[in-house]
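K.L.:
Here it is, the structure in full.
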Amino acid sequence: MKQILALCLSVCLLLCGFPVLAEEVPPVTVSAPAAILIEAGTGQVLFEKNSHERRPPASVTKIMTMLLTMEAIANGQIGLDDMVSCSENAASMGGSQVYLEPGEQMSVRDMLKAVAVASGNDAAVALAEHIAGSMEGFVAMMNKRAEELGMADTHFVNCNGLDDPEHLTSAYDISLMSRELVKYPLILEFTGIWMDSLRDGAFGLVNTNKLIRFYEGANGLKTGSTSVAKYCLSASAVRDGMNLIAVIMGAETSKERFADATRLLDYGFANYAIAGSLLAPEELMPLSVVKGKVEQIEIGVSNEFHVLVNKAKLNSVEKHITLPETVEAPVKIGDTVGRVEFMIDGNRIGGTDIIAKTESEKMNPFGMLKKLSKQLLFGNCRQAIPKPEV
């Protein structure tokens, strides 16, 4: 009988225009068909809309091109001052370009600038050929790196983003490669340029990413647009030590992609923060060392300490500290001695190792014997001293 009454009540509520269950309201809305917002340090997703939908990325593809270039620089394969020759193939690229002539040479530095600021298709291909010997070889590297990063929605066909039915990725995957790229501070010196020039000032450059000029903290990363992909963007911005990345795919106009990215970044900065320190000094007191030349070591959190917190719940963070009363020598600087986990409402929001900030070598047998003798001697002396009469 109660079930029948409940069913009748639900029907009445629906007929009267009152929903039985309220539909969850998204924290922010975007007009683009696919988007995502992440915090780069933790990789935490703060907003997503059709984030795994496979779509053409246009020149946002060049994020992977720049990433492989930065990795080649980091491992010593190429240098910023190395000269890159433009092939017939590279010079033949249409779309956005810096009009490289066959045989023309530019440094890796200037080629990177041409890719990051002007979205030069010709410069992207020239860099690809310089690194891998051919664009085909470079594309194979791109797909291999995408697989390593867990970009399961991605298949690259070229290094510049020109339309191809098989050249596809997703907003989520773009956020993964964007997060990897911002690990190289040097690239932000290029993607953060608003205006510059090439060829000794003869060829002017203006960044295709308008947020660089108009959004506080914007430092990259890449725009893209074709008639098929429409308007795409991976926008990076940093404020108060927090790096957010907003990815927009398939916006109808350039204005809409920047407006969508701005809304996502504004939402992230307004509602989240990186907690600089959630541990009080008294929670990280010196730790006693057994069998050590130094009897106590200083401790602290690992350099990787990076916790993203919703600002509204910053005062609700719980700490679960795992730390022994003593550690045994030897202890080196950087050794893990404990762990702290941070929780909100029973949900883990992050954690970090507690590490040794100072060291203590292990005491040899002679030193241990000397220390024991001293303890026995002073212990006996203290017992021999008579107590004063009251």
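The values are calculated or read from the model by the stated rules, or taken from the named source; none is laboratory data. Worth saying up front: this structure is predicted, and the values here are computed from it rather than measured. Every residue, glycine among them, receives a Cβ derived from its backbone with ideal geometry; neighbour counts consider all protein chains shown.
K.L.:
Out of 266, 196, 200, 260, report the one residue that is under 23 Å from residue 314 (Cβ atoms) and assigned by TED's automatic domain parsing to the domain that holds residue 167. Show your work before the answer.
P.N.:
Working: 196 fails: under 23 Å from residue 314 (Cβ atoms); 200 fails: under 23 Å from residue 314 (Cβ atoms); 260 fails: under 23 Å from residue 314 (Cβ atoms).
Criteria check complete, one pass: 266.
K.L.:
Out of curiosity, is residue 273 surrounded by fewer than 21 Cβ atoms within 10 Å (Cβ to Cβ) and in contact with a helix residue (DSSP H, G or I) (Cβ under 8 Å, 6 or more places away or on another chain)? Full working, then the answer.
P.N.:
Values: surrounded by fewer than 21 Cβ atoms within 10 Å (Cβ to Cβ): yes; in contact with a helix residue (DSSP H, G or I) (Cβ under 8 Å, 6 or more places away or on another chain): yes.
For residue 273, the condition - surrounded by fewer than 21 Cβ atoms within 10 Å (Cβ to Cβ) and in contact with a helix residue (DSSP H, G or I) (Cβ under 8 Å, 6 or more places away or on another chain) - is met.
K.L.:
Please state which of the following conditions residue 76 fails to meet, knowing it meets all the rest: (1) outside any helix (DSSP H, G or I); (2) at pLDDT 95 or above; (3) of a type outside the set (Ser, Thr, Tyr); (4) surrounded by 13 or more Cβ atoms within 10 Å (Cβ to Cβ).
P.N.:
(4)
K.L.:
Name the residue, out of 290, 307, 294, that is outside the structural domain of residue 269 (by TED's automatic domain parsing), buried (at least 17 other Cβ atoms within 10 Å of the Cβ) and in contact with a Ser or Thr (Cβ under 9 Å, 6 or more places away or on another chain). Before the answer, list the steps.
P.N.:
On the way: 290 fails: buried (at least 17 other Cβ atoms within 10 Å of the Cβ); 294 fails: buried (at least 17 other Cβ atoms within 10 Å of the Cβ).
Just one listed residue meets the conditions, 307.
K.L.:
Which of the residues belonging to the range 228-273 are more than 16 Å from the chain's Cα centre (by Cα) and aromatic (Phe, Trp, Tyr)?
P.N.:
The answer is 231, 258, 267.
K.L.:
Moving on to the next point. State which residue is nearest to residue 341 (Cα to Cα) when the search covers only the range 237-269 and only residues that are free of Cβ contacts under 8 Å to residues at least 40 places away in the same chain and among the aliphatic types (A, V, I, L, M).
P.N.:
238
K.L.:
Given the residues 51, 92, which is the only one that is among the polar types (S, T, N, Q) and surrounded by fewer than 20 Cβ atoms within 10 Å (Cβ to Cβ)?
P.N.:
Working: 51 fails: surrounded by fewer than 20 Cβ atoms within 10 Å (Cβ to Cβ).
Within the list 51, 92, the selection yields 92.
K.L.:
Out of all the residues in the range 157-197, which are surrounded by fewer than 19 Cβ atoms within 10 Å (Cβ to Cβ), under 15 Å from residue 64 (Cβ atoms) and touching a strand residue (DSSP E or B) at 6+ places or on another chain (Cβ under 7 Å)?
P.N.:
168
K.L.:
Being surrounded by fewer than 17 Cβ atoms within 10 Å (Cβ to Cβ), touching a strand residue (DSSP E or B) at 6+ places or on another chain (Cβ under 9 Å) and modelled with pLDDT under 95 is true for just one of 361, 282, 252. Which residue is that? Explain how you work it out, then say what you get.
P.N.:
On the way: 282 fails: touching a strand residue (DSSP E or B) at 6+ places or on another chain (Cβ under 9 Å); 252 fails: modelled with pLDDT under 95.
Criteria check complete, one pass: 361.
K.L.:
When you look at residue 96, is it farther than 19 Å from residue 76 by Cα and outside any loop (DSSP other than H, G, I, E, B), yes or no?
P.N.:
Numbers: farther than 19 Å from residue 76 by Cα: yes; outside any loop (DSSP other than H, G, I, E, B): no.
The answer is no for residue 96.
K.L.:
When you scan the range 223-295 for strands (runs of 3 or more DSSP E) that lie fully inside it, which ones turn up with 1 or more residues that are out of contact with any Pro (no Cβ under 7 Å at 6 or more places or on another chain) and closer than 30 Å to residue 58 by Cβ?
P.N.:
On the way: elements: 230-239, 242-251, 272-275, 287-290.
Correct list: 230-239, 242-251, 272-275.
K.L.:
Of a type in the set (Ser, Thr, Tyr) and in contact with a helix residue (DSSP H, G or I) (Cβ under 6 Å, 6 or more places away or on another chain) - does that describe any residue in the range 117-124? Lay out the reasoning, then the answer.
P.N.:
Residues of the range 117-124 of a type in the set (Ser, Thr, Tyr): 119.
Add one more test, that the residue is in contact with a helix residue (DSSP H, G or I) (Cβ under 6 Å, 6 or more places away or on another chain), and what stays is 119.
Within the range 117-124, one or more residues are of a type in the set (Ser, Thr, Tyr) and in contact with a helix residue (DSSP H, G or I) (Cβ under 6 Å, 6 or more places away or on another chain).
K.L.:
Would a scan of the range 202-221 turn up a residue that is modelled with pLDDT of 95 or more, part of a strand (DSSP E or B), of a type in the set (Ser, Thr, Tyr) and out of contact with any Lys or Arg (no Cβ under 8 Å at 6 or more places or on another chain)?
P.N.:
Looking through the range 202-221, none of the residues is modelled with pLDDT of 95 or more, part of a strand (DSSP E or B), of a type in the set (Ser, Thr, Tyr) and out of contact with any Lys or Arg (no Cβ under 8 Å at 6 or more places or on another chain).
K.L.:
Check whether at least one residue in the range 281-290 is farther than 28 Å from residue 206 by Cα and in contact with a Lys or Arg (Cβ under 8 Å, 6 or more places away or on another chain), and report yes or no.
P.N.:
Filtering the range 281-290 for residues farther than 28 Å from residue 206 by Cα gives 281-290.
The next check asks that each one be in contact with a Lys or Arg (Cβ under 8 Å, 6 or more places away or on another chain); those that pass are 283.
Within the range 281-290, one or more residues are farther than 28 Å from residue 206 by Cα and in contact with a Lys or Arg (Cβ under 8 Å, 6 or more places away or on another chain).
K.L.:
Shifting gears a bit: Restricting to the range 321-363, name every residue that is in a loop (DSSP other than H, G, I, E, B) and of a type in the set (Val, Ile, Thr).
P.N.:
333, 358
K.L.:
Restricting attention to the range 115-158, which residues are closer than 16 Å to residue 83 by Cα and free of Cβ contacts under 8 Å to residues at least 40 places away in the same chain? Can you show your working first?
P.N.:
Applying the first criterion (closer than 16 Å to residue 83 by Cα) to the range 115-158 yields 115, 122-133.
The answer is 122, 123, 125, 132, 133.
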